[in-house]
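Some notes on the structure that comes next.
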Amino acid sequence: MALTGRAALLAALGTLPVGFLAPSWTGILAVNIPLSLAMMCDYTLAAPVRTLRFTRTGDTSVRQGDAAQVELAVTNPSARRLRAELRDAWPPSSWTSEAEAAGAHHQVTVPAGERRRVTTLLRPTRRGDRHADRVTVRSFGPLGLMARQGSHRVPGTVRVLPPFHSRKHLPSRLARLRELDGRTSVLTRGEGTEFDSLRDYIPGDDTRSIDWRATARRTAVAVRTWRPERDRHILLVLDTGRTSAGRVGDIPRLDASMDAALLLAALASRAGDRVDLLAYDRRIRALVQGRASGELLPALVNAMAPLEPELVETDSRGLTATALHTAPRRSLVVLLTSLDAAPVEEGLLPVLSRLTERHSVVLASVADSRIEHMATSRGDTENVYDAAAAAQAQAERRRTADQLKRRGVTVVDATPEDLAPALADTYLALKSTGRL
């Protein structure tokens, strides 16, 4: 039961004149008893809310920052006309502003025995699964004095996928990839290349590339061309431990690592390579294996969507063992983790040789752009101390990176905006030199 503002206003307007002109209980009752009877009748004539039936349809997934439409069908099985205010409640992170959140309130009128639909527009600001809360209905009587109110649980889930901001870098990297694959063949055979095609000899070509058997079957001298090998295996390893929870700018390190992983996966799948994903801290959080090129990105974004950093220290030994089990043959293992000295020196370095003996390893880490800004700040004592602390932090990261490089690891250390293209460039460089 709910009292409306109209009923309170009528009670005030009727009571105040009586109180000023002829104050008595008789006068007050003479005004309020008819109003109370009208309110009781209004409540009785309001359509019941407990018998309402709801059906939820609409979008079930959306990329973070984009809009999703969720429809709610309201069925009124009673014999009374439903005049109601409806609130379709979702978590606060389902909207970017209070103005958008106000769109969850709807005015609806449903004749007896009929059904109406209302649409709620969501624009989630966080990754993961957003679950619908209760649907609250306030059914008003024909006079608008009283209302029946009740809530219903109508299950609904919208999965918010990673935004994949780095996809804007994909066309330029694909253009560079076309320069490496069979569309632009090379004459020199080397490690990491495979036979592409035959073409006519041109003066100046390396005579070692001449295919004498093909030449014997043709009227012209034929030379072999080569291209970087395809069908290489790439394992993307996301560290979801405590270091991935640190925020750099407006996003956690884990989100920046995901963005870089998606760009690399999209690029590698176009290059004909196989890509798997492993998310790990002390246990497997997500695993994507054996997906075809057309299914890879949807599988990756769905696996990444519910991932959240775990406030535990990553088990480097378990991560290494799981990566070796996931990639039994020689592969390119891309570790998206922290470059902080303590986690690397105490956790990763003692077990790193197990990976580097069997695989090519790339470590990609998110750098904090604020540290670079602090390192260049001057002017007063506080800025000088900030610059000294930033320089020390940069020196520690360089020392840690040098230790990894001496063990055969390729290190990519860049800010969130630059990490994805830098990692893609590293992949192209490894592919062009035959190191995959």
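Quick notes
- Here Ile371 passes the criteria (1) open to solvent by 10 Å² or more (accessible area, probe 1.4 Å); (2) of a type in the set (A, V, I, L, M); (3) closer than 24 Å to Lys431 by Cβ except the one numbered (3).
- Consider the stretch 207-236 and keep the residues that are outside any helix (DSSP H, G or I) and out of contact with any strand residue (DSSP E or B) (no Cβ under 8 Å at 6 or more places or on another chain). The one that is modelled with the lowest pLDDT is Thr219.
- Pairs, first in contact (Cβ under 8 Å) with a residue 60 or more places away in the chain in the stretch 247-262, second assigned to a loop (DSSP other than H, G, I, E, B) and small (Gly, Ala, Ser), C-beta under 6 Å, six or more apart: Arg253/Gly246
- Output for the stretch 316-338, where each listed residue is closer than 18 Å to Leu436 by Cβ and of a type outside the set (Gly, Ala, Ser): Leu324, Thr326, Pro328, Arg329, Arg330, Leu332, Val333, Val334, Leu335, Leu336
- Residue count, the stretch 360-398 (criterion: under 30 Å from His233 (Cα atoms), without any contact (Cβ under 8 Å) to a residue 60 or more places away in the chain and not aliphatic (A, V, I, L, M)): 3
- Test set (1) open to solvent by 10 Å² or more (accessible area, probe 1.4 Å); (2) in contact (Cβ under 8 Å) with a residue 40 or more places away in the chain; (3) under 15 Å from the mean Cα position of the chain (by Cα) - Leu297 fails condition number: (2)
- Lone unmet requirement of (1) open to solvent by less than 80 Å² (accessible area, probe 1.4 Å); (2) modelled with pLDDT under 90 for Gly241: (2)
- Qualifying residue in the stretch 126-140 (condition: open to solvent by 10 Å² or more (accessible area, probe 1.4 Å), aliphatic (A, V, I, L, M) and in a strand (DSSP E or B)): no
- All of Arg80, Arg87 fail the test of being in contact with a Leu (Cβ under 8 Å, 6 or more places away or on another chain), open to solvent by 20 Å² or more (accessible area, probe 1.4 Å) and under 23 Å from Ala147 (Cβ atoms), apart from Arg80.
- Screening the candidates Pro162, Pro142 for the property of being modelled with pLDDT of 80 or more and within 27 Å of Arg81 (Cβ to Cβ) yields one hit, Pro142.
- Condition check for Glu346: touching a helix residue (DSSP H, G or I) at 6+ places or on another chain (Cβ under 8 Å) and open to solvent by 50 Å² or more (accessible area, probe 1.4 Å): no
- Any chance Gln64 is of a type in the set (S, T, N, Q), open to solvent by 30 Å² or more (accessible area, probe 1.4 Å) and closer than 18 Å to Tyr43 by Cα: no
- Checking each residue of the stretch 374-382 against the condition of being open to solvent by less than 50 Å² (accessible area, probe 1.4 Å), at pLDDT below 90, in contact with a helix residue (DSSP H, G or I) (Cβ under 6 Å, 6 or more places away or on another chain) and within 23 Å of Ile251 (Cα to Cα) gives at least one match.
The values are calculated or read from the model by the stated rules, or taken from the named source; none is laboratory data. Please read these numbers as outputs of a predicted model, since none were measured by experiment. No Cβ is skipped: glycine too gets one built from the backbone with ideal geometry, and neighbour counts run over all protein chains shown. Note: areas computed on protein heavy atoms with side chains; ligands, DNA, RNA excluded. Shrake-Rupley method; radii C 1.70, N 1.55, O 1.52, S 1.80 Å.
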